[in-house]
Amino acid sequence: MRIIFAASEVVPYAKTGGLADVAAALPKALMTLGCDISIVMPRYRTINAGQLIIDAMPVPFAGRRYCSVWFDRLGSLPVYFIDAPQYFHRSGLYGESDDVERFAFYCRAVLELCKRIGPPPDVIHCNDWMTGLIPVYLNSNYAADPYFFKTATILTIHNLAFQGLFDPSSFGLFDLDPSLLYGEKGLEFGGVASTLKGGLLHCDAITTVSRRYAQEIQTPEYGFRMDGILRYRRYSLIGILNGIDEDEWDPTSDKYLPAHYSIVNLAGKAICKRELLKTFNLPIELDRPLLAIVSRMTDQKGFDLIIKAMDRILETKAMLVVLGSGADKYERYFQALRDSHPDRVGVYFGFNNPLAHQIEAGADIFLMPSYYEPCGLNQMYSLRYGTVPIVRATGGLDDTVENFDRARMRGNGFKFYDYDVNQFVERVYEALLTYADKDVWHQLIINGMSQDFSWASSARKYLDVYHAVRRD
Ligand code: ADP
Ligand code: GLC
């Protein structure tokens, strides 16, 4: 099975969120299952790895443009980089006014590259709106190209809120037949146009990153206006829970931790907590519960609930550390909270991977009351690191966190159902009460740490999808 895995961010080369973790770990797991798989991603300005393998590859896009191609190996996994400085040498990955054009170019370049690097892929695995035009180009501009006769596509939705929206007046740029704007499978979407919509209509199968989210996105509440399309394609839609990279996120060997620990010896976790408290200039009081947040600071992640709950949380003895960046309103709030409670609250604004690992290890409780959460990786990292998650029961959070049942000593965390501050605070209080009973807490931690969140079984499900869409 030959697979091209197209993703706009891949750890360790570029990352803004969980997509990058998945885009490295899933191909690795698929390779272990025997797939011949290669990643293709853009070469952003910050990427230095690899070597130049194609100097000027023509890409039929907006007249004709060229890109060069770089190559690297991630372990033994081949990674190709599309290098087009005019599109990808920007200050960040996304957020530019010409984003749709940039990634449309990337999509076209992925297809051109396929033809240069070996036999036709059985499947091109696309991820989110940035790759949405790959199935569209394949079904139109490349429909008569014998090289691609047997190539199928799947599209994984990591976050339906991001849809690659653009003004239909710029459709001409993309070298697509005009019928692909307003026709039956057109990209037009309520007055604008969307690359994600194109991908969803033209791919052979749609996957998303948890079973719960696969159901939720078919409803108006979570469908971001695409629920109708997803209901229409429901027989080609499946939810497959993300795994985690168990080499990267392993408390017995994590290179970023001051001490290591395991399910049979948790002593190192206390050392991690001590060091974390020092990092944030908080009092070294190991018996006080330490709550943590590591997150993009967006509405998705439930920050308005966290803010509404904060006074009541701070009435307890708990301390809080926060790592994140994003919306100004949230950064300002946490800065003010830190300033008014310097002995209770620590904050770090920015992206800091070592610190994310240190927080997962050093904290006692992880807060993730998301409004929606396609999968969520942090709650799984928390569980593996013996840090108890408190989550809202949505998407992958619902699929991975089971409420702790003290009578039967079952469950791995705490979850609440409605997007409601009182329910959230109740769960926080319940967690803090449980924390006070060391033996019970220990069992709760062990329940989480002994779970299997490896990619092995999910990768097999992707392989089943590849077999199902395969054309021969
Ligand atoms: P999302 O992809 O929606 O942001 P996930 O939980 O799937 O949510 O993945 C988030 C990933 O990004 C995790 O690997 C997490 O550790 C990481 N992360 C988020 N914010 C930061 C940050 N400020 N610094 C370092 N890592 C972060
Ligand atoms: C998105 C989602 C997150 C998911 C990640 C990886 O960023 O917001 O829930 O875990 O993609 O699939």
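The values are calculated or read from the model by the stated rules, or taken from the named source; none is laboratory data. Everything numeric here is computed off the predicted structure, so don't read it as measured data. Quick reminder, even Gly has a Cβ in these numbers, built from the backbone with ideal geometry, and neighbours come from all protein chains shown. All accessible areas refer to the heavy atoms of the entire protein, side chains included, with ligands and DNA or RNA removed. Shrake-Rupley method; radii C 1.70, N 1.55, O 1.52, S 1.80 Å.
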(message) So if I take the centroid of the Cα atoms in segment 234-260 and the same for segment 62-108, what is the distance between those two points in Å?
(response) 27 Å
(message) With θ taken as phi - 60° and the coefficients 6.51, -1.76 and 1.60, list the Karplus ³J(HN,Hα) couplings across segment 242-248 in order, rounded to whole Hz; mark glycine and proline as x.
(response) 4, x, 10, 7, 6, 7, 5
(request) Might you report the magnitude of the Cβ-based charge dipole of the chain about its Cα centre, with Lys and Arg at +1 and Asp and Glu at -1, to the nearest 20 debye? (result) 400 debye
(request) Kindly state, as a whole number, the per residue volume in cubic angstrom of the convex hull around the alpha carbon atoms of segment 267-451. (result) 104 Å³
(request) Calculate the length of the line joining the C-alpha centroid of segment 392-442 to that of segment 284-330, in whole Å. (result) 16 Å
(request) Keeping all protein chains in place, calculate the accessible area per residue for segment 267-451 (probe 1.4 angstrom), answer in Å². (result) 38 Å²
(request) Return the calculated 222 nm mean residue ellipticity for the chain, to the nearest 500 deg cm²/dmol, obtained by summing -39500 (n - 2.57) across DSSP H runs with n ≥ 4 and dividing by the residue count. (result) -10500 deg cm²/dmol
(request) Quick one: plug the Kirkwood hydrodynamic radius of the chain (C-alpha pairs) into Stokes-Einstein at 20 °C, 1.002 mPa s, and report D in µm²/s. (result) 92 µm²/s
(message) What whole-number distance in Å separates the alpha-carbon centres of segment 1-17 and segment 119-140?
(response) 14 Å
(request) Convert each backbone phi in segment 171-182 into a coupling constant with the Karplus relation 6.51 cos²θ - 1.76 cosθ + 1.60 (shift: θ = phi - 60°), then list the ³J(HN,Hα) values in order as whole Hz, x for Gly and Pro. (result) 4, x, 4, 8, 6, 10, 4, x, 5, 7, 8, 10
(message) Rounded, prolate or oblate for segment 213-340? Axes are the square roots of the Cα gyration tensor eigenvalues, ordered a ≥ b ≥ c, and the cut-off for rounded is a/c under 1.5.
(response) oblate
(message) I'd like to compare 323-331, 384-392: which one has the highest average count of other Cβ atoms within 10 Å, and what's the full order after that?
(response) 384-392, 323-331
(message) Given contacts defined as C-alpha pairs under 8 Å and at least six residues apart, what's the relative contact order of the chain, whole-number percent?
(response) 13 percent
(request) Please sort 166-178, 414-426 by packing, taking for each peptide the average over its residues of neighbouring beta carbons within 10 angstrom, highest first. (result) 414-426, 166-178
(request) Measure of size requested: the Rg and Dmax of segment 137-236, with Cα atoms as the atom set and Å as the unit; please supply both. (result) 14.0, 42
(message) For segment 84-147, place one equal point scatterer on every Cα, skip the solvent, and apply the Debye formula. What is log10 of I(q)/I(0) at q = 0.12, 0.13, 0.15 Å⁻¹?
(response) -0.34, -0.39, -0.51
(message) Given the C-alpha atoms of segment 343-419, compute the convex hull and give its volume per residue in Å³.
(response) 122 Å³
(message) For a test of understanding, tell me how many lysine pairs in segment 267-451 have Cα atoms under 22 Å apart, given they are 8 or more places apart or on different chains.
(response) 14
(request) With a 1.4 Å probe and every protein chain kept in, tell me what percent of the accessible surface of segment 1-96 is carbon plus sulfur. (result) 49 percent
